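Read through the structure below, which is laid out as structure tokens, and then see the notes.
The values are calculated or read from the model by the stated rules, or taken from the named source; none is laboratory data. Just so it is clear, the model here is predicted, and its values are computed rather than measured. Backbone-built Cβ (ideal geometry, glycine too); neighbour counts: all protein chains shown. Heads up: the accessible areas ignore ligands, DNA and RNA and are worked out on the full protein's heavy atoms, side chains in. Shrake-Rupley method; radii C 1.70, N 1.55, O 1.52, S 1.80 Å.
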Amino acid sequence: MRARYGVPLGIAAAGAAGLLYSAGFEARSFRLRRVTVPVLPSGMRPLRVLQVSDIHMVSGQRKKQRWLRSLAGLRPDFVINTGDNLSDSEGVPEVLDSLGPLMEFPGAYVFGSNDYYGPMLRNPARYLLEKVQGRHGLNGNPPAVGVVHNPWEDMRDAFDAAGWLNLTNTRGTLKIEGVSVELTGLDDPHIKRDRYEQVAGGPSDSADFAMGVVHAPYLRTLDAFTADAYPLILAGHTHGGQLCIPFYGALVTNCDLDTDRVKGLSTHTAEGRTSYLHVSAGCGTNRYTPVRFACPPEATLLTLVGRE
């Protein structure tokens, strides 16, 4: 019996231990990533930008809520929220309570598909299948039916009331101690709500610095921002791969971005121009897959400094 069942039982035990670790510890092991990006004009003072993304709030996630509130202690110059705040249609009050201290700072936001629609139970293997088939989100897939509509308008109204800029296929400008920061944003490309033609043309001459903001880093949006000479693009959506293989990395990005750039700082080149790209691994998960492995939840403090 030992020879026949020892290996399967050992595998099962290892799998159970991995699941317990990924759901019970790593998914709740919140981190702060610190990144320095040389994108500002020479002579401009550094700017500290806090990026929060993919919170995927589920009612009752107290540790996540406390951690998000604590980020206000970083005292950033401004905050960028790159979407997917919800994974529970009843989670809006807890999102607003968690982000309340951060809404005391200047900020801006875009929404992701999970802000608009409730999550659906899916087989995680479908992400691998869709990668092989080149299908992502609604880009090549049939439209979702029977989905839950979240009360995202309440969240939008609260963000707007706090003075955060709504960057849904539009532009906005933040004034940071006399510095003009122009922000150009898109609605979520994952569900084909992006309309780059409405914001095309690149940074205005009056801005001291400009950057692009989008939830899902689809290549068409990165190409457009880069070709229009935005020096920095912020995105989320990928969860850093969520379930990664140690010493190898992510298997999927849930979009057409390559896995080498699934999280952190990288670059993107289009039409002879190059932009910095930062993709946040986010701090949450879909409520139906509340696990992370070799990819802890995070927020990022980006320090923007002058170009060398």
Place the peptides 256-265, 221-230 in order of packing, highest mean first, counting for every residue the other Cβ atoms within 10 Å and averaging per peptide.
221-230, 256-265
Taking the Cβ of Leu71 as the center, what net charge do the other residues with Cβ under 15 Å away carry, scoring Lys and Arg +1 and Asp and Glu -1?
+4
Descending accessible area (1.4 Å probe), largest on the left, turns Tyr218, Tyr248, Tyr117 into Tyr248, Tyr117, Tyr218
Any chance you could run the full-extension gain for Lys192 through Ser89? It's 0.36 nm times the residue separation minus the Cα-Cα distance, nm to one decimal.
34.9 nm
Rounded to the nearest 5, the percent of DSSP beta bridges in the chain running antiparallel is 40 percent
Tyr248 and Leu121 label points (each 7 Å along its Cα→Cβ direction) are spaced in nm at 2.8 nm
With all distinct Cα pairs included, what does the Kirkwood hydrodynamic radius of the chain come out to in Å, to one decimal, could you say?
19.9 Å
Using a 1.4 Å probe on the protein chains only, how many percent of the accessible area of region 32-306 belongs to carbon and sulfur?
52 percent
Work out the FRET efficiency for Arg307 and Ser180 from their Cβ-Cβ distance, taking R0 = 22 Å, and round it to the nearest 0.05.
0.80
Averaged per residue, what accessible area in Å² does the chain show with a 1.4 Å probe, protein chains only?
45 Å²
Largest-first ranking of Trp164, Trp152 by accessible area, probe 1.4 Å, whole protein assembly kept, is Trp152, Trp164
Counting only DSSP beta bridges fully inside region 185-308, the antiparallel percentage to nearest 5 is 50 percent
